[in-house]
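*Asks:* First, the structure itself, so that you have it in front of you.
What follows is calculated from the coordinates using simple rules that are stated; it is not laboratory data. Predicted, not measured: the structure shown is a model, and the values here were computed from it. Heads up, the Cβs are rebuilt from the backbone with ideal geometry, glycines too, and the neighbour counts pull from every protein chain shown.
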Amino acid sequence: MVARILVAENDVDVDSGQARMTKELGFETKNIWILEVAENGVKIAELRAWLKINYLSVKTGELMVFWIKGADNLSEQCQNVLLKPLEEARDEVLFVLVVRSEFGLLPTVVSRCRVEEELDSGQARMTDEAMEARWNELIQAWRLGPGASIALLDKWEKDKELEILNVLIKKLAKGLREFPSIKRVKILQFALELKKDARLMVNRKLLLGRFLLEGWKISGL
């Protein structure tokens, strides 16, 4: 079964995740094994043991969900351990990787999964047209200088700072694949670091402002 990557600003609780999987798959399962990965990650031996023990409990015809919360906190070595289970998962096994950003995962992990965004209840998803508009406004502001960059903070929607940052991260990543450059790498790295800090920041407008100014400096536009 194709694994899922849930990209979420806030933690996705297992109950809501289970309800979502039930709706998508068309049937319910109570068989959920949960691994919570802290900021400092887990040891490779612990991950291997968790996978091995839980795999032994998988029964034919019964769906088993392997729920890894904070998967983007896993080290590269641990993520490499996941590759074979993700690739060779039985029909009864569904991996769900909950992350703040899919860019915290190895490309080889992402390529084996379906990436989905989890939004807070009632939150409207930004349209493709709105995403493209934010990107074009950003580039124009960087060309005009720091004043124009800061002015975007008042123009852009309130309470959507993190969603806008996510949009810009995706555009930067896509641009990096198509037109690689050191500047794009530095801006993307800075944006990803800011996203990690977002959980601890109350004023996310300030966070987006930091990105706009530092991105302008690095871009050299």
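*Asks:* What does the charge count around GLU132 come to, taking other residues whose C-beta lies under 13 Å from its C-beta (Lys +1, Arg +1, Asp -1, Glu -1)?
*Replies:* Net of charged neighbours comes to +1.
*Asks:* Can you tell me the FRET efficiency between ASN40 and ASN203 if r is taken as the Cβ-Cβ distance and R0 is 30 Å, rounded to the nearest 0.05?
*Replies:* 0.70
*Asks:* Take the alpha carbon atoms of segment 72-190, find their radius of gyration, then divide it by 2.2 N^0.38 Å using N residues; give the quotient.
*Replies:* 1.28
*Asks:* Now a separate question. Got the relative contact order for segment 152-215 handy, in percent, Cα pairs under 8 Å and 6 or more residues apart?
*Replies:* Once divided by the residue count of segment 152-215, the mean separation gives 42 percent.
*Asks:* Can you give the Rg to Rh ratio of segment 39-140, both from alpha-carbon atoms, with Rh computed by the Kirkwood formula?
*Replies:* 1.08
*Asks:* Find the centroid of the Cα atoms in segment 129-179 and in segment 37-62, then give the distance between the two in whole Å.
*Replies:* If you average the Cα positions of each part, the centres end up 39 Å apart.
*Asks:* Okay, next question. Provide Rg over Rh for segment 128-219; use the alpha carbon set for both Rg and the Kirkwood Rh (inverse mean inverse pair distance).
*Replies:* Computed over Cα atoms, the ratio is 0.93.
*Asks:* Among the listed pairs LYS171/LYS217; LYS84/LYS183; LYS43/LYS171; LYS158/LYS195; LYS43/LYS174, which have their C-alpha atoms separated by more than 23 angstrom in this model?
*Replies:* Exceeds cut-off: LYS84/LYS183; LYS43/LYS171; LYS43/LYS174.
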